[in-house]
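Worksheet: the structure to be examined is printed underneath.
Please treat every number below as a calculation from the coordinates, not as lab data. None of the values given here were measured: they were computed from a predicted structure. FYI the Cβ positions are ideal-geometry reconstructions off the backbone, even for glycines, and counts take in every protein chain you see.
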Amino acid sequence: MSKPKPGLVRIGLFSLGLRLLGSPLSFLFSLVVARYLSAISVETFGAWQFIFVLVTGYFTIPGDLLSNITSRYTAEGKPVGGILLIDLVTAMVSSTIYLTLVPFLISISHYDYPLYFYLGILLIFIIFIYKASNAISLGRGPRVNAIGALAFQLARLGIGVYALLVLKLSIEAVILAYVIGYLVQIAINMFFVKANFKRDFRIAISALRKSVVFMIPYIQYILEATLTWVAVLLVSNTVPVSYFESALIVSNLVIWSTSSFGGLISKLSETKDPSLIETSLKLFSLSGSLFLLLALADGLPLLYVLRPDYTAAYISLIVLSASNLLRGFFQIFYTSVYMKDQTLDSESRAELKGDLARLAKRNSSLSIIGVVIAIGLMIYLKALNINDPVDYSIVMSLGLLINSLAIMVSSFQSSREMYSFRVPLMETLVPILSSFLIGLVFILYPFAPIHGQRLVQDLFIMAYRAAIALAVFATINLLLNQYSRDILRRSFAIITKR
């Protein structure tokens, strides 16, 4: 008799637990990088973020195009070896294009250290391979995916600390840490997931053809990445990017909570039960709000630890945290659409007429709104001779929030047309509203200190603030949210089960 597969909630709690273990490691890495590079100069930290945005926001986007369809085909047991070969070829093409553009990128950044920009090629290539292996593990082994993510954090932190603090390297140390970290994660994803790696080029060509549908949403990401370009061009330095990225680093705590619905793809491949969406909404509302609370309650101390000047980016932190929460909900609805869209079956040739294609086109059109508003406001600031990097950071953040709201609502509408599910309002609103209210109190009312004399004191202050915030959050949700009590009982049962 075969062993029953773990349920969506069990997978989510397992993945979320590993995320919680990895979150201090991720923070420590970001802290070391931000403080060490900023100590060299604010421009150095800004240059690293500029390179990273270029790599992840432009040149590795083709690696995402096959990710969702790869996850679906892997979950369905189809051979994906041919898709991996296409990914490798695409990585080489993208790296070549980046190589030819490096002189131009150096000139607009005003950061004349070519080696760091050329090392971006390593990042491009390794991220392509990582995305392919990650898509496979999400489709076939979401728990292995969570383990690989934790291993990545461990390896990246270890290499980064050694290369920066011992070898006294600069941006090249950060790139090396990412490369080795991703290699470790790739090895775990590929060797511990029971996927079908046979090369079936009929399936590969089908996936490539359907990637056109998944390409459409990346118009939005390219447009949004352009905001950093505009800010750099208007003020002639990378300082606004430093403030924006420092707030983004902290707000990305919210994104980690998306691991709570990491089993949604594999479960929707087994059954298209609408209750899976309802469960995902309840679970993410709780986990997303928890991480949102941590981002807001400890936001100022975290920004201070990165660099005292960055505490001025607290408004960007609030806006970006809200934006990331909305994108988590968007991801649930988006996943439900592409897992049910029959035009994405390998035998179909009508993918451009399917539900996902319509949704992707609509979302890409909507994304223009936030980008245009943000660019218009930045040009207005420049016309007023305002060059404060904090203002540009806030405007970029606002652009992302507008887009996040638009695509979330749009994707919700598409998902509701395909599935008959209800939105669990009480289980959704209670954690979100309580998290925001508590978090804003910690940011706007300085009843607790945000820093001490040394880093150890800073960490104690953050633990103190988090403990108070979580205690209030837990009390409210255990009293008003039945699902919170259910999750507490399930978590206790998993921990104590022999």
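Using Stokes-Einstein with the Kirkwood hydrodynamic radius over Cα pairs, what translational diffusion coefficient do you get for region 84-199 at 4 °C and a viscosity of 1.567 mPa s, in µm²/s rounded to a whole number? Write down the numbers at each step before the final one.
On the way: Rh = 15.4 Å.
Taking Rh from Cα pairs, D becomes 84 µm²/s.
Once the Cα gyration tensor of region 216-498 is diagonalised, what are the square roots of 5 times its eigenvalues, in whole Å and ordered largest first, as equivalent ellipsoid semi-axes? Intermediate values should be presented prior to the final figure.
Details: eigenvalues 214, 169, 37 Å².
The equivalent ellipsoid of region 216-498 has semi-axes of 33, 29, 14 Å.
Computed over the Cα atoms of region 314-414, what is the ratio Rg over Rh, Rh following Kirkwood?
On the way: Rg = 17.0 Å, Rh = 15.0 Å.
With Rg and the Kirkwood Rh in hand, the quotient comes to 1.13.
Give the residue from Ala247, Ser257, Gly7 lying farthest towards the positive end of the charge dipole for the chain; charges sit on Cβ (+1 for Lys and Arg, -1 for Asp and Glu) and the dipole is referred to the Cα centre.
With unit charges placed on the Cβ atoms, the residue in question is Gly7.
State log₁₀ I(q)/I(0) for region 1-109 at q = 0.13 Å⁻¹ as given by the Debye formula over alpha-carbon point scatterers of equal weight, solvent excluded.
For the requested q values the scattering log ratios are -0.84.
Considering the alpha-carbon set of region 180-278 alone, what are its Rg and its Dmax in angstrom?
Expressed in Å, the Cα Rg and Dmax of region 180-278 come to 19.4, 53.
Given that compact globular proteins tend to follow 2.2 N^0.38 Å, what is the ratio of the alpha-carbon Rg of region 1-211 to that value?
Computed over Cα atoms of region 1-211, the ratio equals 1.10.
Eigenvalues of the Cα gyration tensor times 5, then square-rooted: what semi-axes does that give for region 249-288, in whole angstrom, largest first? If you can, show how the numbers build up before the last one.
On the way: eigenvalues 103, 23, 5 Å².
In descending order the semi-axes read 23, 11, 5 Å.
Using just the C-alpha positions of region 110-266 as equal point scatterers, what log10 of I(q)/I(0) does the Debye formula give at each q in 0.17 1/Å?
-1.34
Roughly how many whole Å is it from the C-alpha centroid of region 322-378 to that of region 183-200?
So the separation of the two Cα centres works out to 28 Å.
Placing unit charges on C-beta atoms (Lys and Arg positive, Asp and Glu negative, everything else neutral), compute the dipole magnitude of region 1-211 about its Cα centre in debye, rounded to 20. Working shown, then result.
Details: 18 positive and 7 negative charges, 236 e Å.
Dipole of region 1-211, to the nearest 20 debye: 1140 debye.
Among Ala47, Leu119, Val193, pick out the residue whose Cα is farthest towards the positive end of the charge dipole of region 1-211, where Lys and Arg carry +1 and Asp and Glu carry -1 on C-beta, about the Cα centre.
Working it through, the farthest residue towards the positive pole turns out to be Val193.
Take the Cα atoms of the chain, build their convex hull, and give its volume per residue in Å³.
On the way: hull volume 73.9 nm³, N = 498.
With only Cα atoms used, the chain gives 148 Å³ per residue.
A 25 angstrom limit on the alpha carbon distance is what I want to check against. Which of Lys282/Lys353; Lys78/Lys361; Lys272/Lys353 exceed it? Mind dumping the intermediate values first?
Values: Lys282/Lys353 31 Å; Lys78/Lys361 27 Å; Lys272/Lys353 21 Å.
Result: Lys282/Lys353; Lys78/Lys361 exceed 25 Å.
Calculate the radius of gyration of the Cα atoms of region 288-330 to one decimal place, then report Dmax, the largest Cα-Cα distance, as a whole number, both in Å.
For region 288-330, the Cα radius of gyration and maximum Cα-Cα distance read 10.8, 34 Å.
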